[in-house]
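The values are calculated or read from the model by the stated rules, or taken from the named source; none is laboratory data. Note that the coordinates shown come from a computational prediction; the quantities given were computed from them, not determined experimentally. Counting neighbours? That spans all protein chains shown, and the Cβs are built from the backbone with ideal geometry, glycine included. Note: accessible area is taken over every heavy atom of the protein model, side chains too, but ligands, DNA and RNA are not part of it. Shrake-Rupley method; radii C 1.70, N 1.55, O 1.52, S 1.80 Å.
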Amino acid sequence: MLPEVSSLLLDALSERLLRHLPSSVWRQVFLRPHQEVIHFWQHSGTWVCVAAQQPWGVGAEVRSQIEALAFHHGGELDACPQSVALVRFDDASSALDMARALQDLACDQRFQVGLASGECTLATVQLNDIELLRVMLGGAADQAESVARMVAPGSIRLAPQTMMLVDEVVSVMPGCMVTTEFEGEEIAATSLTFTPRYNAQLSTFAGLGLT
């Protein structure tokens, strides 16, 4: 457990809980001494952030499919993500496998997917005697959210640390266009764009004449 708790962490956790849970639950957590119900830990891994451009997000069926993919590939879902979904993996290759599978879902939704590796803060919140929420804050978790917002729907964007971990996998990935972005001489991000599904209504490849 982290020895000191920043007020910024508590503020970030408060905002996330208010967005996802009833106000009565928020009061149950934050109107008590936080040491009784909230603990913070350092957490490392690779995070997959799934975002959607539509303001209404995704339906329950698609959300269930995303959750099933996360479980199948060995990921841990964040209980209160800022986007459609946030999933942590111990292994970067498994994270990339899930991200790739997301773009193959048989639905009309085309996701923005971002991956980042490193550390974040894990908040565990004891809601009652049996229910424990796990919410990931800051660090690589927030970076994955930022990376996802900057990628075209249907593509996957990798932060530099993640690309270093999966470089060999990406180099032999079929049907994939790899684009590297630089800031000066430093790699800023790598984007992966895949050959679209045959029934895709819009294609990221359309402007390249590859549909």
Within the stretch 88-114, count every residue that is of a type in the set (Gly, Ala, Ser), open to solvent by 30 Å² or more (accessible area, probe 1.4 Å) and not in a helix (DSSP H, G or I).
1
Filter the stretch 122-139 down to the residues that are touching a strand residue (DSSP E or B) at 6+ places or on another chain (Cβ under 8 Å), of a type in the set (S, T, N, Q) and open to solvent by 20 Å² or more (accessible area, probe 1.4 Å) and list them by number.
GLN126
With the requirement that a residue be over 21 Å from the mean Cα position of the chain (by Cα) and assigned to a helix (DSSP H, G or I), what does the stretch 155-194 give you?
GLU168, SER171
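Results for (1) under 29 Å from LEU18 (Cβ atoms); (2) over 12 Å from the mean Cα position of the chain (by Cα); (3) modelled with pLDDT under 95, shown as yes or no for each residue.
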site: ALA51; (1), (2), (3): yes, no, yes
site: GLU61; (1), (2), (3): yes, yes, yes
site: ALA85; (1), (2), (3): yes, no, yes
site: ALA106; (1), (2), (3): no, yes, yes
When every residue in the stretch 58-79 that is open to solvent by less than 30 Å² (accessible area, probe 1.4 Å) and in contact with a Leu (Cβ under 6 Å, 6 or more places away or on another chain) is compared, the one nearest to ARG134 (Cα to Cα) is ASP78
VAL25 being in a loop (DSSP other than H, G, I, E, B) and among the hydrophobic types (A, V, I, L, M, F, W, C):
no
